[in-house]
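To start, the structure itself, in structure tokens.
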Amino acid sequence: MSEFMSPNRRKWSSSLMFFAAAIGSAVGISNIWKFTYVAGENGGGAFVLIYVLAIVFVALPALTAEFLIGRRGGASVEKTMENLAKRDGIIRAWRYYGLMAVTGAFLALSFYSVVAGWTIDYFFLAVKGFGGETVKGASDALAGLYANPLRMMASQFTFVALTVAVVAAGIQGGLERALKWMTPALFVILLILLIYAIIAGDFSAALTFLFVPDFTQLNANTLLMAVGQAFFSLGIGLGVLMTIAAYMDQKTSILKAAAVVAFADGFVALLAGLAIFPIVFANNLSPAEGPGLIFATLPVAFGQIPGGALVGPLFFLLMAFAALTSAITILGTIVAWGEDYTRFSRRTISMFTGTLLWVVGLATVFSFNIWADIRPAAWIPALSGKTIFGVLDYIVSNLMMPLGGVAVAVLAGWALSRDSSRAELGVIDGRLYTIWRFLVRYVVPLAIASIFIANLGS
């Protein structure tokens, strides 16, 4: 019997370890890389204001729903659906959501591991030093990485191997041992970078940019981007946080747990902005550089600022840690499914899944070089210009995650009875429960559906 199937190993050893896992899962590259460049592209303050409101009124209710479903089901995401069908009478067809979630998690990790590998590659570049780097030189360096499949394969392999090694060792021997120091390390490194940004960067310009809303920058696209960033940066919809919650003890308050994790997720994003934008402004760089802000713009700053030889490596180490904590929990979700439905050991499932992830991830690697001209879905208007990586990213980000998010909201708000959800939440205050139930039944599905429709239209 695999260790996930052993009851005494299906629980986190403490509430603290649950929080380390949940926060580690929620805080990933999206909080640092994507938040900063999306906020930069959308004018800063107005975007941030909508982002914070969306965390409270969209992300938090949805995260609470995912935790509720996970703890009540107590297993991998598909097995949880089966358990809820037996215990709470939901229809058995919900298991297909479970299958979609696990498939989406696998596809997401296949290309996530490639992008995460860049952080390892750039860490070693930063150790060597970015001295004298120009904007053109930094762009050429990133293009050089894209053009070198062997270099990308090596960093991808390193990242996948580290992830597999942690997950294969089990919950307490692997995940807890890694996350109990990696999750706090994220915050420590980020605070060091923040202190440096206050001293060496243009901190007042960053504060103004991030926290003084310019409502002329606010439009429908900014609104949808902010809501989408708040919701999807948590990874809701793919069953990862649901699986983490399956091993939460009954004493932990789901509402308080969701509030802590959602706060930590938003807090890290804002800290990242406060650590990055002062350096950007101090070096007269544009905050609206787009996806290249981290890999093509910041190396220029690190090559020019005092102490850049130390700050540069620290920053990309932060990125690597953020990527690894998320990847560990994503792979853990896939492995949990394998343990519930096969007789293989956790180590075997982890190694097989890791190998398959690396192989499938090669399609993403090659999308930047030898397969860059291949358009596998050219006959579909929304996908006509996309590489294999672009197609995979679109399917997961624009289809699977929104559909999964709506499914979580519908399951918690409509399929589960009021008595079941209230009992699991343990809410004494009826008004608080009524507010959550209203948000998860109406506001969350409407918000996600709006993003889903907008993405399809784009």
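The values are calculated or read from the model by the stated rules, or taken from the named source; none is laboratory data. Predicted model, so just to flag it, every value in this text is computed and none were measured. Don't worry about glycine lacking a Cβ; one is built from the backbone with ideal geometry, like all the others, and counts go over all protein chains shown. With ligands, DNA and RNA removed, areas are computed over all heavy atoms of the protein, side chains included. Shrake-Rupley method; radii C 1.70, N 1.55, O 1.52, S 1.80 Å.
Annotation note: of Leu416, Leu411, the sole residue that is out of contact with any Phe, Trp or Tyr (no Cβ under 8 Å at 6 or more places or on another chain), within 17 Å of Arg87 (Cβ to Cβ) and open to solvent by less than 70 Å² (accessible area, probe 1.4 Å) is Leu416. Cβ-Cβ distances below 7 Å connect the following pairs, each with a first residue in segment 173-188 that is among the hydroxyl-bearing types (Ser, Thr, Tyr), a second residue that is crowded, with 20+ Cβ neighbours inside 10 Å, and a separation of six or more residues or different chains: Thr183/Ala20; Thr183/Ile23; Thr183/Gly24; Thr183/Thr325.
Among (1) more than 23 Å from the chain's Cα centre (by Cα); (2) within 30 Å of Trp414 (Cβ to Cβ), there is one condition Leu53 misses while meeting the rest; what is its number? With respect to (1) more than 23 Å from the chain's Cα centre (by Cα); (2) within 30 Å of Trp414 (Cβ to Cβ), Leu53 is out only on (1).
For Val227, the stated conditions hold: it is under 26 Å from Leu49 (Cα atoms), of a type in the set (A, V, I, L, M, F, W, C), in contact with a Ser or Thr (Cβ under 9 Å, 6 or more places away or on another chain) and touching a residue at least 12 places away in the same chain (Cβ under 8 Å). Restricting the first member to segment 407-435 and to residues that are without any contact (Cβ under 8 Å) to a residue 60 or more places away in the chain and within 15 Å of Ile91 (Cα to Cα), and the second to residues that are open to solvent by 30 Å² or more (accessible area, probe 1.4 Å) and among the basic types (Lys, Arg), the beta-carbon pairs closer than 7 Å and six or more apart or on different chains are Trp414/Arg441. Given the conditions (1) among the hydroxyl-bearing types (Ser, Thr, Tyr); (2) closer than 23 Å to Phe18 by Cα; (3) open to solvent by 10 Å² or more (accessible area, probe 1.4 Å), and given that Thr163 satisfies all but one, which numbered condition is not satisfied? Failed condition: (3).
Condition check ((1) under 16 Å from the mean Cα position of the chain (by Cα); (2) surrounded by fewer than 19 Cβ atoms within 10 Å (Cβ to Cβ)) across all residues:
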| residue | (1), (2) |
| --- | --- |
| Met81 | no, no |
| Asp88 | no, yes |
| Trp94 | no, no |
| Val102 | yes, no |
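In the set (1) in a helix (DSSP H, G or I); (2) modelled with pLDDT under 90, the condition left unmet by Val408 is number (2).
Would you point out the residue of segment 120-144, among those that are of a type in the set (A, V, I, L, M) and modelled with pLDDT under 90, that is surrounded by the most Cβ atoms within 10 Å (Cβ to Cβ)?
Residue satisfying both the conditions and the ranking: Ala126.
Of all residues in segment 376-390, those satisfying the criterion of being open to solvent by 20 Å² or more (accessible area, probe 1.4 Å) and either at pLDDT 90 or above or not in a helix (DSSP H, G or I) (or both) are Pro376, Ala378, Trp379, Ile380, Ser384, Gly385, Lys386, Thr387, Ile388, Phe389.
Summed over segment 395-406, residues that are surrounded by 23 or more Cβ atoms within 10 Å (Cβ to Cβ) and free of Cβ contacts under 8 Å to residues at least 60 places away in the same chain total 0.
Applying the set (1) open to solvent by less than 10 Å² (accessible area, probe 1.4 Å); (2) out of contact with any helix residue (DSSP H, G or I) (no Cβ under 9 Å at 6 or more places or on another chain) to Val188 leaves exactly one unmet item: (1).
Restricting to segment 252-301, name every residue that is part of a loop (DSSP other than H, G, I, E, B) and open to solvent by 10 Å² or more (accessible area, probe 1.4 Å). Scanning segment 252-301 gives Thr252, Ser253, Asn283, Asn284, Leu285, Ser286, Pro287, Ala288, Glu289, Pro291.
Summed over segment 29-68, residues that are under 14 Å from Gly235 (Cβ atoms) and either of a type in the set (Asp, Glu) or not in a helix (DSSP H, G or I) (or both) total 1.
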